[in-house]
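Please read the structure below before turning to the comments.
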Amino acid sequence: MSTTKTALGIRMPSPRLLRGKIARGVLYLLVLAVFLVPVWSMVATVFSGIPMKSGEISLFPLDFTFNNIIQAWNFGVAVGLFNSVVVVVIGLALQLTVSSLAAYSLARKKFRGMSVVMVLILATMMMPEEVIAIPLYLVLGQIPAPTESGSLLNSFGGLILPLVGWALPIYVLTGFMRNIPLELEESARMDGAGDFRIFWKIILPLCKPALGTCAVFGFLMIWDQYLLPLLVAQTPAKYTLTLIVTSLQSSQELGEGVRLAAALILMVPGVIVYLILQKFFERGLLGGSLKG
């Protein structure tokens with residue numbers, strides 16, 4: 001480190017190093033401002049009691065109140081939040097279960113056409129949702145709902161089942177499982193363990209970082225779904241939170257604070273899930289799980 005010595009014998013950073021630190025500090029402040037100012041203005045507008053017109057925001061919560069959140073809650077956010085929680089909890093559990101089983105087969109079992117299967121799975125990631133929207137709607141309309149009368153349209157089954165098969169967690173988990181030493185599996189087989197016991201007792205515990213990564217991406221994918229609920233949900237009772245927020249944004253009767261309150265409620269769960277799974281998420285990325 002380049003330093004200069006004062007008359008009192010105190011070592012001080014050189015002017016060049018000091019200018020570099022100041023420049024980095026200014027750059028960090030600019031980056032924080034770009035990301036935090038919009039969020040802060042949203043929060044300030046939500047908790048402001050002064051009515052805001054469309055497009056207006058507040059940088060400080062004037063006349064602090066929870067009235068905007070209460071109004072948004074009563075305008076359907078409560079129903080949408082419940083539906084979204086049901087869809088994301090069941091859908092994410094099924095998605096991780098199916099993906100981990102498929103990844104174990106692709107990573108540990110050798111069968112003819114395995115590379116073709118992997119290519120077909122990855123090909124689904126390159127297909128836009130809009131391409132399969134109409135075929136998906138027609139197929140769901142022909143499948144009877146197991147717990148409700150009618151088809152899978154306007155049912156939780158129709159909102160959940162299309163989300164179960166997703167290529168990203170299969171790809172991530174397959175790459176992670178291939179890096180697990182085969183000696184662990186072979187020693188377990190010598191002790192009489194079968195495929196399911198090896199998968200449950202050895203493979204899955206070692207895949208916790210990758211599962212955490214997949215859980216974060218899967219939660220965000222399901223939570224932010226808009227096209228699928230738009231196709232399936234035909235009554236407000238089955239609307240997810242994304243549909244409720246969109247409908248509130250188009251309403252001219254509500255103030256900007258109410259609309260932003262609904263958007264804030266939509267944003268908070270994703271932040272909470274990331275903070276809870278942050279340790280596994282970072283370990284999964286550092287462990288090379290996304291490299292395959």
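The values are calculated or read from the model by the stated rules, or taken from the named source; none is laboratory data. From a predicted model like this one, the values you see are computed outputs, not experimental measurements. Methodologically, a virtual Cβ is constructed for each residue, glycine included, from the backbone with ideal geometry; neighbour enumeration extends over all protein chains shown.
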> Taking region 73-95 only, how many residues are crowded, with 18+ Cβ neighbours inside 10 Å and more than 23 Å from the chain's Cα centre (by Cα)?
Replying inline: 1
>> Out of everything in region 14-67 that is part of a helix (DSSP H, G or I), closer than 17 Å to ALA262 by Cα and of a type in the set (A, V, I, L, M), what residue ends up being nearest to the chain's Cα centre (by Cα)?
In response: VAL39
>> Quick check on my filter: what residues within region 218-230 are surrounded by fewer than 19 Cβ atoms within 10 Å (Cβ to Cβ) and assigned to a helix (DSSP H, G or I)?
In response: LEU220, MET221, LEU227, LEU230
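Only helices (runs of 4 or more DSSP H) wholly contained in region 76-192 count here; list those with 1 or more residues that are more than 27 Å from LEU248 (Cα to Cα).
78-108, 114-123, 129-142, 167-178, 182-190
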> From VAL271, VAL258, which residue is part of a helix (DSSP H, G or I), free of Cβ contacts under 8 Å to residues at least 40 places away in the same chain and not small (Gly, Ala, Ser)?
Replying inline: VAL271
> What are the residues in region 104-129 that are under 22 Å from CYS207 (Cα atoms) and among the basic types (Lys, Arg), if any?
Replying inline: ARG108, LYS109, LYS110
>> Checking LEU230 against (1) within 17 Å of the chain's Cα centre (by Cα); (2) at pLDDT 90 or above: exactly one of these is not met. Which one?
In response: (1)
> So how many residues does region 231-255 have that are outside any helix (DSSP H, G or I) and either of a type outside the set (Val, Ile, Thr) or without any contact (Cβ under 8 Å) to a residue 40 or more places away in the chain (or both)?
Replying inline: 9
> Could we say that LEU173 is at pLDDT 90 or above, assigned by TED's automatic domain parsing to the domain that holds LEU243 and surrounded by 16 or more Cβ atoms within 10 Å (Cβ to Cβ) here?
Replying inline: yes
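Looking only at region 176-195, count every residue that is among the hydrophobic types (A, V, I, L, M, F, W, C) and loosely packed, with under 15 Cβ neighbours inside 10 Å and tell me the total. Outline the logic, then answer.
As a first pass, look at region 176-195 and keep what is among the hydrophobic types (A, V, I, L, M, F, W, C): 176-177, 180, 182, 184, 188, 190, 193.
Right, trim to loosely packed, with under 15 Cβ neighbours inside 10 Å and you get 182, 184, 190.
The qualifying residues number 3.
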> Do we find a residue being more than 26 Å from THR246 (Cβ to Cβ) and either charged (D, E, K, R) or assigned by TED's automatic domain parsing to the domain that holds GLY194 (or both) anywhere in region 45-55?
Replying inline: no
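Of the residues ILE198, ILE244, ILE203, only one is surrounded by 14 or more Cβ atoms within 10 Å (Cβ to Cβ) and either in contact with an Asp or Glu (Cβ under 6 Å, 6 or more places away or on another chain) or modelled with pLDDT under 85 (or both); which? Explain how you work it out, then say what you get.
Values: ILE244 fails: either in contact with an Asp or Glu (Cβ under 6 Å, 6 or more places away or on another chain) or modelled with pLDDT under 85 (or both); ILE203 fails: either in contact with an Asp or Glu (Cβ under 6 Å, 6 or more places away or on another chain) or modelled with pLDDT under 85 (or both).
The unique qualifying residue is ILE198.
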